[in-house]
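Everything on this sheet refers to the single structure shown next.
The values are calculated or read from the model by the stated rules, or taken from the named source; none is laboratory data. Since this is a predicted model, take the numbers as computed values, not measurements. In this analysis, Cβ positions are derived from the backbone assuming ideal geometry, glycine residues included, and neighbour counts consider all displayed protein chains.
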Amino acid sequence: MQADGWQAMKPGAVIEQRRPDGSLRHLITLEDLARSEIETLLERAQYYVREVGQRPPASERLRGVTIANLFTEPSTRTRVSFELAGRRLGAQVVNLEVQLSSRAKGETMLDTIFTLQALHFDVFVIRDAEPGVLSHVAAHVAPHVSVLSAGEAHLSHPTQGLLDALTIRQHKGAISGLSIAIVGDIRHSRVARSAYHVFRALEARELRIVAPAALMPEAREFAGCRRFERLEDGLVGVDVVMMLRVQKERFAQSEVPDGDEYFARYGLTAARLARAAADAIVMHPQPMNRGVEIASEVADGPQSVIRAQVSNGVAVRMAVLEAVAGGMAA
Amino acid sequence: MQADGWQAMKPGAVIEQRRPDGSLRHLITLEDLARSEIETLLERAQYYVREVGQRPPASERLRGVTIANLFTEPSTRTRVSFELAGRRLGAQVVNLEVQLSSRAKGETMLDTIFTLQALHFDVFVIRDAEPGVLSHVAAHVAPHVSVLSAGEAHLSHPTQGLLDALTIRQHKGAISGLSIAIVGDIRHSRVARSAYHVFRALEARELRIVAPAALMPEAREFAGCRRFERLEDGLVGVDVVMMLRVQKERFAQSEVPDGDEYFARYGLTAARLARAAADAIVMHPQPMNRGVEIASEVADGPQSVIRAQVSNGVAVRMAVLEAVAGGMAA
Amino acid sequence: MQADGWQAMKPGAVIEQRRPDGSLRHLITLEDLARSEIETLLERAQYYVREVGQRPPASERLRGVTIANLFTEPSTRTRVSFELAGRRLGAQVVNLEVQLSSRAKGETMLDTIFTLQALHFDVFVIRDAEPGVLSHVAAHVAPHVSVLSAGEAHLSHPTQGLLDALTIRQHKGAISGLSIAIVGDIRHSRVARSAYHVFRALEARELRIVAPAALMPEAREFAGCRRFERLEDGLVGVDVVMMLRVQKERFAQSEVPDGDEYFARYGLTAARLARAAADAIVMHPQPMNRGVEIASEVADGPQSVIRAQVSNGVAVRMAVLEAVAGGMAA
């Protein structure tokens, strides 16, 4: 346990995520989760992990529970991952093309939520590009309803953070001894923010963020992280390299190096990866821009654990769904 | 039982909705349903009602039954409501983006229907903007197939009518003693027409329609209803106020007061609601245009039963699905 | 068994479709299936056939199996047919709007496939307009994963070929004694190619293709088939008339007779059908262009088995899913 460094900052979460008995009700951010809560989720997720080629786990733990998948941004991968997680626990999952955040009128959003609640949905899995929508919904639903983030603006993507942590644990053991570098568009990344929260809670030894100046977060964020503008410097000796997807629209900003230039400076090649620890692992939340932020030799190389991340995604979502809704099953 | 007034008109339904043994096969309109048939459906629906927070009902009554949700107009709310109703009865429900009414060629529509029939769909739940499509389909399907309306043009929305009746019964008891006002764009409203049919069959004491002249139905329709152009007059002493959604495109008509003006004249405020009976309830089929046809103080106020309507929607659809398809389950 | 004629050509299939033990793993083409393999599939499909009005078959044979429906071309009919087939065997079926063939970058397509594999999908049902995508996917998936074609470019539509064969067997008995004419846009038709493969494997007595010159396939294709430009000639004495849908965009080609002209020369009318055997059957893969390639008097006439084809489609897909995934069920 360290008294200083990046674990020091602890801003309060926007909304209470727990029930009066302390159990997890919502999962909108990892910011206020204790180490023990996270470890309990990761252990349960590990229980649901299966190798590719094995049968997926099947359970009736959430029989009678109805889950709404509300995605206002496209995301086949995460949507399907939640859908399969719910169905493999015996829940009913309905995909809805509801426009949650009719940005002008908060009341209309709540009307939609109350309607879904009246249809006896118990869990709302929400992806939304507008910051605050999830907390707003969570603050208004009935006591038995849970709200899970499937990605909120640039702020948070908690199940991604958990699956990243699970993947590291599987390959490197406890996170507390590790040095981890997050590389790319940190400024706009919910993946980076949730990774930061979970690695801080699990007391990683060192956390680095690596980005061009224009994609660095503001100084008040990512407190305690070491910042690097040169990828070669940021990778030295790290145990985990977590690459981020760079959105092509960022290249329109004059300060951001564009495609080829980005790869020349920030693309993870085998030569650059050699600066990390010899047994370092490489992660990416997908979808990858091969030849932009990552070379195929690395993405498909022996140190890549990118495919394991996807499998872990279903297991983590099963653990989270079970944690928030397991008590309500029929 | 009254011999005169608005219950007098009884136009024949377009198609026979019953099987030779008298049981319900299709539900396309409430126009020809007897009071006893409606009451049987409402009682069964009541059996499936659950409070928000309770587990939804689960049944295997429709196991082996396959339901097609055919929506050619967008409607998340009603589609999901039918989907959940079917699944909670153990049926398989498939959502289809089939274009039913290729308006030029009736044969093509029937080819689609025969194809779905050959796939062993037993129930077609259809929403369509074109009058007559549902009856046309119902007239051609095989004897074991049922057709349910989820909203047909401006003509009919029978499950909405039933859920409205169920909601009133829950809050006010028998409908036969009540005075009910329907307010808004009556002329274009299938909700109003189905409400009219069900309240007439259940022998409401008095039915009023309240609308600007341009949104009043033709004189031959809504026989027996008292017509009001001033909302203040129409509300006096009623037990139930049923507000309708006004479509923004109506405001383009020069005779229709637009947004603010509409609210000034036809918006249901607390002050206006005070003209109704002290224990009057307020209904709305949703989605609401708050600040246009209804003030939030009323929508969210103690007399509002709007959320109960949604819950009742699933229960009513379960009762209807069970009525038409319960005999065919494996 | 004939030594010459159209059964002679036997080009190798693009990819090995069988497991080392000889069992069927993928179904991308019928080109290399032996008569005995096809007959085994057809017999199993027949086991799953139900009359319209009977309950569809229900089984738990694929319990624990997860099927991805990946359609990059619209096809409600075939998609729903696969969905129902999977669900009626107890599998979980997820419809995905994944863009498989990001044409520029093969790697991206494989990333998508590996992601789905990591989500524990066992079967990929793929429709794609780009030739070769299915074989490419099949060549890269893990050993336990199966790839099924739901239509590949103009090349192949194997479950359609099987359902066509099943339909003929039901009405005419063994295919080996029959003369079959395929009529229409042979050149661009995957339906025609899969029909050709299955009828050749089942040793039809004679196979004819009938088309305007511009829609005839190249000479090296459909080896052994008799070619006719005049429909009247091609129909003489045949036992089966298989009509193809003509795409309206073909009429833009100057060599192709357009709508009315097409019907005048290639539309199947009762008068023309009279040239076939008295008990000839008429097939069409749907959707039909009535009044273009087929007259309603024929489509709805006593010799039409078009609706039976649809029912057989679900049964065939059940048999195929069971064949490739039956061994992996939990």
Of the candidates A:Arg50, A:Arg35, A:Arg87, A:Arg44, the one satisfying the condition of being within 14 Å of chain C (Cβ to nearest Cβ), farther than 23 Å from A:Phe121 by Cα and surrounded by fewer than 20 Cβ atoms within 10 Å (Cβ to Cβ) is A:Arg50
Exactly one of C:Leu116, C:Leu62 is modelled with pLDDT of 95 or more and buried (at least 22 other Cβ atoms within 10 Å of the Cβ), and that one is C:Leu62
C:Ala153 meets each of (1) in contact (Cβ under 8 Å) with a residue 60 or more places away in the chain; (2) under 15 Å from the mean Cα position of the chain (by Cα) with one exception, condition (1)
The lone condition A:Val145 fails out of (1) hydrophobic (A, V, I, L, M, F, W, C); (2) in contact (Cβ under 8 Å) with a residue 40 or more places away in the chain; (3) outside the structural domain of A:Phe228 (by TED's automatic domain parsing) is (2)
Residues in region A:235-247 that are of a type in the set (Val, Ile, Thr), in a loop (DSSP other than H, G, I, E, B) and within 23 Å of the chain's Cα centre (by Cα) total 2
Only one of C:Glu232, C:Glu255, C:Glu261 is touching a Pro at 6+ places or on another chain (Cβ under 9 Å), loosely packed, with under 14 Cβ neighbours inside 10 Å and farther than 18 Å from C:Ala192 by Cβ, namely C:Glu255
Of the residues in region A:162-200, those that are within 20 Å of A:Leu24 (Cα to Cα) and either over 12 Å from the mean Cα position of the chain (by Cα) or in the same structural domain as A:Thr29 (by TED's automatic domain parsing) (or both) come to A:Arg200
Per the filter on region C:297-312, residues more than 8 Å from chain B (Cβ to nearest Cβ), surrounded by fewer than 21 Cβ atoms within 10 Å (Cβ to Cβ) and part of a helix (DSSP H, G or I) are C:Glu297
Checking A:Ala68, A:Ala34, A:Ala139 in turn, the sole residue that is in contact with a strand residue (DSSP E or B) (Cβ under 8 Å, 6 or more places away or on another chain) and either over 22 Å from C:Thr115 (Cβ atoms) or of a type in the set (Val, Ile, Thr) (or both) turns out to be A:Ala68
The residue that is modelled with the highest pLDDT, considering only those in region B:96-113 that are facing chain C (nearest Cβ under 8 Å) and touching a strand residue (DSSP E or B) at 6+ places or on another chain (Cβ under 6 Å), is B:Leu96
Within region C:163-195, of all residues that are in contact with a helix residue (DSSP H, G or I) (Cβ under 6 Å, 6 or more places away or on another chain) and more than 23 Å from C:Arg227 (Cα to Cα), the one surrounded by the most Cβ atoms within 10 Å (Cβ to Cβ) is C:Leu163
(1) at pLDDT 95 or above; (2) within 22 Å of C:Val133 (Cβ to Cβ); (3) away from chain B (no Cβ under 11 Å) all hold for C:Val93 apart from (3)
Scanning region B:123-138 residue by residue, the ones that are touching a helix residue (DSSP H, G or I) at 6+ places or on another chain (Cβ under 6 Å) and over 22 Å from C:Met288 (Cα atoms) total 3
Among the residues of region B:313-330, the number that are crowded, with 21+ Cβ neighbours inside 10 Å and either of a type outside the set (D, E, K, R) or within 14 Å of chain A (Cβ to nearest Cβ) (or both) is 11
*Can we say A:Val256 is assigned to a loop (DSSP other than H, G, I, E, B) and more than 14 Å from every other protein chain (Cβ to nearest Cβ)?*
yes
- Task: Take B:Ser135 and decide whether it is touching a residue at least 40 places away in the same chain (Cβ under 8 Å), within 16 Å of B:Leu33 (Cβ to Cβ) and not in a helix (DSSP H, G or I).
- Result: no
For region A:183-200, pairs from a residue that is under 16 Å from A:Gly234 (Cα atoms) to a residue that is among the acidic types (Asp, Glu) and outside any helix (DSSP H, G or I), with Cβ under 6 Å and 6 or more apart or across chains, are A:Gly184/A:Glu293
Just one listed residue, out of C:Glu232, C:Glu218, is assigned to a loop (DSSP other than H, G, I, E, B) and among the charged types (D, E, K, R), and it is C:Glu218
Some residue of region B:13-32 being aliphatic (A, V, I, L, M), in a loop (DSSP other than H, G, I, E, B) and at pLDDT 95 or above: yes
Within region B:262-290, residues among the basic types (Lys, Arg), over 25 Å from B:Thr76 (Cβ atoms) and either outside any loop (DSSP other than H, G, I, E, B) or within 14 Å of another protein chain (Cβ to nearest Cβ) (or both) come out as B:Arg265, B:Arg272
Kindly evaluate C:Leu268 against the criterion of being touching a strand residue (DSSP E or B) at 6+ places or on another chain (Cβ under 6 Å) and either in contact (Cβ under 8 Å) with a residue 40 or more places away in the chain or among the basic types (Lys, Arg) (or both). yes
Restricting region C:144-162 to residues that are among the polar types (S, T, N, Q) and part of a helix (DSSP H, G or I), the one surrounded by the most Cβ atoms within 10 Å (Cβ to Cβ) turns out to be C:Thr159
